[in-house]
Structures are given as structure tokens and as C-alpha cells.
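Let me begin by presenting the structure, written as C-alpha cells, before commenting on it.
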């Protein structure tokens, strides 16, 4: 289904709910109206100035080009992001500094000309223009992140990969936010999802969380985790005396520490009271808890608690997997 806004509605979207406060606002609104009416390429700066009721020379007091009308607000945030990271203490945690600065970049970002253009790129004839300009912003953000990570001693290749991933997350989040209807949810929320996806690339003091599990029924356990849950086999080794080990990738790794009271609360929410938590329980985030629970049961897991909604807006189930590990499958539902 198309996310484009009807022209009559789109033309007024930038000004809905607020008066025209400045010549900059007026120029941006006039430009978006003209882009919708006659296309980006066919609209001149003189056209925009005439529609806005200002002189052509006044246009350049606010914008350097037609494209700048769309990107100026984000560019200001990228400037602030750059200043923050360049001024950051090189001895501070670089990964935390990068994430905090990127989260700040998205805070309070309001629907503007860029969001309108992204949602109506076809109608405005902007597809190629937006792609070129997106690439420039990705490059700017990535360069700043890579420099900060290198200053903290990160391997140059890892720094570049992490920088590219996080810069891509920013632009992808803005695009998704615009197409979902900018203003329905804060950009910061969509941006956090993108940063979560990129976060495994950030270098840190701990590079990986690996759970080492003893599996007496080795082949059954491997088939369950690799073939049923879909974990990706990365490495495998065999040794003397029948020794076997397989390393499986399971997406982003986190360590959740809970005290006894929290464990009791989780058990009340997640089970019927008859499947208490082991000292260590493995949780996998999945796209559909109900479907994956059924698939897991068919693949050899014992269901200890069926899928149910939790107060934390997730759907959780609890299983006993082949090999003996206790599992939670959880599906994040997002905001109401």
C-alpha cells in the first residue's frame, strides 16, 4: 500500500498546526508545494521565491540550493553531532559516546520538508536527488563515527564497518519514520531500533557474549538450534576422543542480570507457576512467539509455558530445549 500523501494534504502538511513563522518556513512550504505541483527539476529558485513572496536574493539568506531546503534541518543536527563527538574525551567509552550522540541527533526531530519529500518522492520527482543527498549524509556521519572510534584505538576496518552501519541506520530510520507517517511516532524511537541493529558492529571492551552449553544429546541439540530456531553455524571443530563443538550465531547478544525478586516476578508473568527459572536461562527474541513455539515443540523442545502477553509489551513462552537448556522466546510488540 502506498504511503504517499495526497497532494492537497501533503502541501499543507508542513504548515499544519502552526502559523508561518519565518521566511525560512515560508520558503520551505512554497518549495514543497511547487515540487508536488510541477516536480523538483522543473521548479526554479525564482519560482520558490515568487510563491513565498520574497526576493530571489532573500532565498540565499536561508538556503544554499533547492536541495538544501529538504536537508537543512538534518544538516544542523549532523553539525551538532559532529561537534559533540569531536569534543568528546578520547579516553571515554567510544561505543557509548557514539550511541548517545546518535540518539541525541534524533531527539525532538519534527516532521519537516525532508519527511514530506521522502514520503512523496515519486510525486515530486525526487528519487535520484534524494539518493545522491542521502549518500552525502551517510558519508558525513560515518566519517565522524570512524574518526571517534579510531581515536579510541579501534581497528581501522572495524571502525569503518561500525561507522557505515550506524550512518546507514540513521538514514534508514528517517526514511522508515517518514513513510510510516512522520509525527505518528517520534523519530527517536525508530532510530533506536536502527541503532540496535547496528550495535553489534561497535568495538568495545567485550567483543562477544558466548554461552557455552554442555549437550549430552549433541546431534539433537545441534539440529534444534541450527535447523529449528535458525541459528547460523559459524564454526565447528572435532577433537580427540569424539570431542565436538559447534559455534552458532544468534544475533545481538545481551546479558540480563536480575535479582531474586525480579526472577519471581518474571516467573509469575511468564509461567503458570510450575516452571521456575533455572539459574541461567537463555532468551531468544523472535518475530512471532506463537509460531516459533509451535515450531520448537515440533522440533523436539518441551513447552514449559505457552505464549502469553506480558506487562512489558512482549509475548513470551518458555521451553526446555534438547540438551537441557531452559529457553524463553520473546516477541517485542513495540509501543501501543
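The values are calculated or read from the model by the stated rules, or taken from the named source; none is laboratory data. Predicted, not measured: the structure shown is a model, and the values here were computed from it. Here the Cβ is made from the backbone with ideal geometry for all residues, glycine too, and neighbour counts use every protein chain on show.
Mind checking which strands (runs of 3 or more DSSP E) fall wholly inside region 236-319 and carry at least 3 residues that are under 24 Å from the mean Cα position of the chain (by Cα)?
Numbers: elements: 244-249, 282-285, 302-309.
By residue number, 282-285.
Just wondering, is there one or more residues in region 73-84 that are in a loop (DSSP other than H, G, I, E, B), at pLDDT below 95 and surrounded by fewer than 21 Cβ atoms within 10 Å (Cβ to Cβ)? Walk me through how you get there before you give the answer.
Taking region 73-84 and keeping what is in a loop (DSSP other than H, G, I, E, B), we get none.
No, the conditions are met nowhere in region 73-84.
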Is at least one residue of region 114-137 crowded, with 19+ Cβ neighbours inside 10 Å, in contact with a helix residue (DSSP H, G or I) (Cβ under 7 Å, 6 or more places away or on another chain), outside any helix (DSSP H, G or I) and at negative phi? yes
Restricting attention to region 297-322, which residues are loosely packed, with under 15 Cβ neighbours inside 10 Å and over 28 Å from residue 216 (Cα atoms)? 309, 310, 311, 312, 313
Test: residue in region 186-206 that is part of a helix (DSSP H, G or I), without any contact (Cβ under 8 Å) to a residue 60 or more places away in the chain and over 11 Å from the mean Cα position of the chain (by Cα): yes
Return yes or no: is residue 210 closer than 22 Å to residue 293 by Cβ, touching a residue at least 24 places away in the same chain (Cβ under 8 Å) and not assigned by TED's automatic domain parsing to the domain that holds residue 148? no
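For (1) surrounded by fewer than 18 Cβ atoms within 10 Å (Cβ to Cβ); (2) within 30 Å of residue 275 (Cβ to Cβ); (3) in contact with a helix residue (DSSP H, G or I) (Cβ under 8 Å, 6 or more places away or on another chain), each residue gets a yes or a no:
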| site | (1), (2), (3) |
| --- | --- |
| 166 | no, no, yes |
| 189 | yes, no, no |
| 237 | yes, no, no |
| 245 | yes, yes, no |
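Can you tell me which residue is surrounded by the most Cβ atoms within 10 Å (Cβ to Cβ) among those in region 91-109 that are more than 18 Å from the chain's Cα centre (by Cα) and in a loop (DSSP other than H, G, I, E, B)?
First pass over region 91-109, keeping only residues more than 18 Å from the chain's Cα centre (by Cα): 91-94.
So of that shortlist, the ones also in a loop (DSSP other than H, G, I, E, B) come out as 91-93.
Values: 91: 8, 92: 12, 93: 15.
The selected residue is 93.
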